[in-house]
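For reference, the structure discussed in these notes is given below.
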Amino acid sequence: MRLVNVEYGLSLELNEIRAVILVIEEKVMRLKIVEDLYKQFSGEEGKFVLSEDDKVLKIQKIADILLNPFSIDCNNRKVLAKLYQEIQDCGNENFYSEKEKINADVLLLLDKIMLNTPYQITTALDMELADLCKLYHVQLERTGDTLLEQLMDYIKVMSQLCECKVFILLNFIVYLNDEERKHLYEFASYQKIYLLFIEYFEPVLVADEKSCIIDKDGCIIDIEKNNLQHLPDAKFGENPDEFEV
């Protein structure tokens, strides 16, 4: 899988078995890149292209971005929508008679209540299990205590329910020690997940990571290959050439 942005000369190869660390030292560029990514995750148009086997993928459907540790939420709107849909499908397929009995009992109760009120009231005749989930505040139980456990729970949930395969983590390495990072990499590899870290500073590599640095002068430095490349010039976007890392 590859993430490309011609404007910045970026072409990052993402791999299931190796995390990628992108260090952006120049503040203005870092803000712009993160902002562009976030907008695309929100469904807006952007210049980042995510592809696999020459097939362009929709970033907002296949990838997710975490801006800080406090944004980890296994019960976000996207997750709950998928969860409720699965519950509804399962109920309709496997527990239809039980659902219909509950629906009949609820309608009977509402009829009795309406006979004792002075208003003309109408109701829907069928009950959606997704609405029942909202009514009873159905959610996924939080099991992780540490940041690593919460992060792994989140990745697993987003992968299974929302089919997200690429996770971009902003400035997360500072919160994880070496062993936690290794554990996270092993977990991601087992789950067949692609990890991309965007960092403010160059971290010490602790495993078989791929590291790329855009320094304050706009140079792209491939740490693994010890290769130095320069962006076209100060005005990004005037040269369409890609610089692969």
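Against the test of being of a type in the set (D, E, K, R) and not in a helix (DSSP H, G or I), the options Glu141, Glu186 yield a single qualifying residue, Glu141. For Leu22, are the conditions met, namely being of a type in the set (A, V, I, L, M, F, W, C), open to solvent by 40 Å² or more (accessible area, probe 1.4 Å) and within 20 Å of Ser211 (Cα to Cα)? For Leu22, the condition - of a type in the set (A, V, I, L, M, F, W, C), open to solvent by 40 Å² or more (accessible area, probe 1.4 Å) and within 20 Å of Ser211 (Cα to Cα) - is not met.
Quick check on segment 202-236: of everything there that is of a type in the set (Lys, Arg) and at pLDDT 80 or above, which residue is surrounded by the fewest Cβ atoms within 10 Å (Cβ to Cβ)?
My answer is Lys216.
Residues in segment 107-130 that are surrounded by 13 or more Cβ atoms within 10 Å (Cβ to Cβ) and either under 38 Å from the mean Cα position of the chain (by Cα) or at positive phi (or both): Met127, Glu128, Leu129, Ala130. Among the residues that make up segment 1-15, is at least one of them open to solvent by 60 Å² or more (accessible area, probe 1.4 Å) and part of a helix (DSSP H, G or I)? Checked against the condition, which is being open to solvent by 60 Å² or more (accessible area, probe 1.4 Å) and part of a helix (DSSP H, G or I), segment 1-15 yields no hits at all. Restricting Met114, Met127 to residues that are of a type outside the set (S, T, N, Q), modelled with pLDDT of 90 or more and farther than 30 Å from Tyr185 by Cα narrows the list to Met114.
When residues in segment 50-76 are screened for being open to solvent by less than 60 Å² (accessible area, probe 1.4 Å) and not acidic (Asp, Glu), 15 of them pass.
Would segment 156-165 turn up any residue that is more than 17 Å from the chain's Cα centre (by Cα), polar (S, T, N, Q) and open to solvent by 50 Å² or more (accessible area, probe 1.4 Å)? Within segment 156-165, none of the residues are more than 17 Å from the chain's Cα centre (by Cα), polar (S, T, N, Q) and open to solvent by 50 Å² or more (accessible area, probe 1.4 Å). Could you tell me whether any residue of segment 133-153 is at positive phi and exposed (fewer than 15 other Cβ atoms within 10 Å of the Cβ)? For segment 133-153, residues at positive phi and exposed (fewer than 15 other Cβ atoms within 10 Å of the Cβ): present. Would you be able to say whether some residue in segment 34-45 is aliphatic (A, V, I, L, M), farther than 15 Å from Cys162 by Cα, surrounded by fewer than 18 Cβ atoms within 10 Å (Cβ to Cβ) and over 15 Å from the mean Cα position of the chain (by Cα)? Looking through segment 34-45, none of the residues is aliphatic (A, V, I, L, M), farther than 15 Å from Cys162 by Cα, surrounded by fewer than 18 Cβ atoms within 10 Å (Cβ to Cβ) and over 15 Å from the mean Cα position of the chain (by Cα).
Applying the set (1) among the β-branched types (Val, Ile, Thr); (2) surrounded by 15 or more Cβ atoms within 10 Å (Cβ to Cβ); (3) within 25 Å of Lys192 (Cα to Cα); (4) in contact with a strand residue (DSSP E or B) (Cβ under 9 Å, 6 or more places away or on another chain) to Val79 leaves exactly one unmet item: (4). Among the residues of segment 173-196, the ones that are surrounded by fewer than 22 Cβ atoms within 10 Å (Cβ to Cβ), among the aromatic types (Phe, Trp, Tyr) and in contact (Cβ under 8 Å) with a residue 60 or more places away in the chain come to 2 in all. Restricting to segment 90-106, give me the number of residues that are without any contact (Cβ under 8 Å) to a residue 12 or more places away in the chain and either surrounded by 13 or more Cβ atoms within 10 Å (Cβ to Cβ) or touching a helix residue (DSSP H, G or I) at 6+ places or on another chain (Cβ under 6 Å) (or both). The number of residues fulfilling the criteria is 1.
The values are calculated or read from the model by the stated rules, or taken from the named source; none is laboratory data. This structure is a prediction, so every number in the text was calculated from the model and none was measured. Backbone-built Cβ (ideal geometry, glycine too); neighbour counts: all protein chains shown. Side chains are part of the model used for accessible areas, which takes the heavy atoms of the whole protein and leaves out ligands, DNA and RNA. Shrake-Rupley method; radii C 1.70, N 1.55, O 1.52, S 1.80 Å.
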